[in-house]
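Chemist: Below you'll find the structure I mean.
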Amino acid sequence: MTTTRRMKSLVLATALTFATTLVQIPMVWASPTTAQSVDMDITVKVNQKGFLDQKGKVFTKKNILQLPKGKVVRINFVFDESLTSLAYGDTHQVAITGENGTQESGKIWAWEQQSSITFQVGEEGTKYRAYCILACIGMENLNNLVIHVV
Ligand SMILES: [Cu+2]
């Protein structure tokens, strides 16, 4: 009886530790933004050709994604593969790396077409980089979305 009870509390303690860890990891980056409201929503389409702006124009060195300094932005990554394309069966998952580390979106695919990353933008001149972390068709076009703070 005592052994069973001890076992139960041990299992519970383990489960609690695990649950707490699970909650804490995603909070590291997100913590400054959770209490704040979002200042700006930005849509970035994702397909095998690259990251595209709202009008469907690919982000390049000449078409750079710019974010306003200090604002809390929510970048919504939208699955944009064409139904007729092989890549329609693909899955993307985007990470953004910057001065405070890396934050990941959820997976986006045919049945779950949108996922976002929210963060507070740094000072003017700060740079971030976004890239797909899955092996996908067109991954060579999804490895370096340059984001500048203006
Ligand atoms: Cu991808």
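The values are calculated or read from the model by the stated rules, or taken from the named source; none is laboratory data. Nothing here was measured: the structure is a model prediction, and the numbers come from that model. No Cβ is skipped: glycine too gets one built from the backbone with ideal geometry, and neighbour counts run over all protein chains shown.
Chemist: Need pairs with beta-carbon distance below 7 Å; first residue at negative phi and within the stretch 113-140, second of a type in the set (Ser, Thr, Tyr) and at pLDDT below 95; sequence gap 6+ or separate chains.
Modeler: Pairs that qualify, where the first residue is at negative phi and the partner is of a type in the set (Ser, Thr, Tyr) and at pLDDT below 95, are THR118/THR33; PHE119/THR33; GLN120/THR33.
Chemist: Is at least one residue of the stretch 61-82 within 16 Å of the ligand (Cβ to nearest atom), surrounded by fewer than 16 Cβ atoms within 10 Å (Cβ to Cβ) and in contact (Cβ under 8 Å) with a residue 24 or more places away in the chain?
Modeler: The answer is yes; a qualifying residue exists.
Chemist: Okay, moving on. How many of the residues in the stretch 116-135 are within 12 Å of the ligand (Cβ to nearest atom) and either out of contact with any strand residue (DSSP E or B) (no Cβ under 6 Å at 6 or more places or on another chain) or not in a loop (DSSP other than H, G, I, E, B) (or both)?
Modeler: Of the residues in the stretch 116-135, the ones within 12 Å of the ligand (Cβ to nearest atom) are 130-135.
In the following step, the residues that additionally are either out of contact with any strand residue (DSSP E or B) (no Cβ under 6 Å at 6 or more places or on another chain) or not in a loop (DSSP other than H, G, I, E, B) (or both) were identified as 130-132, 135.
Looking only at that region, the number is 4.
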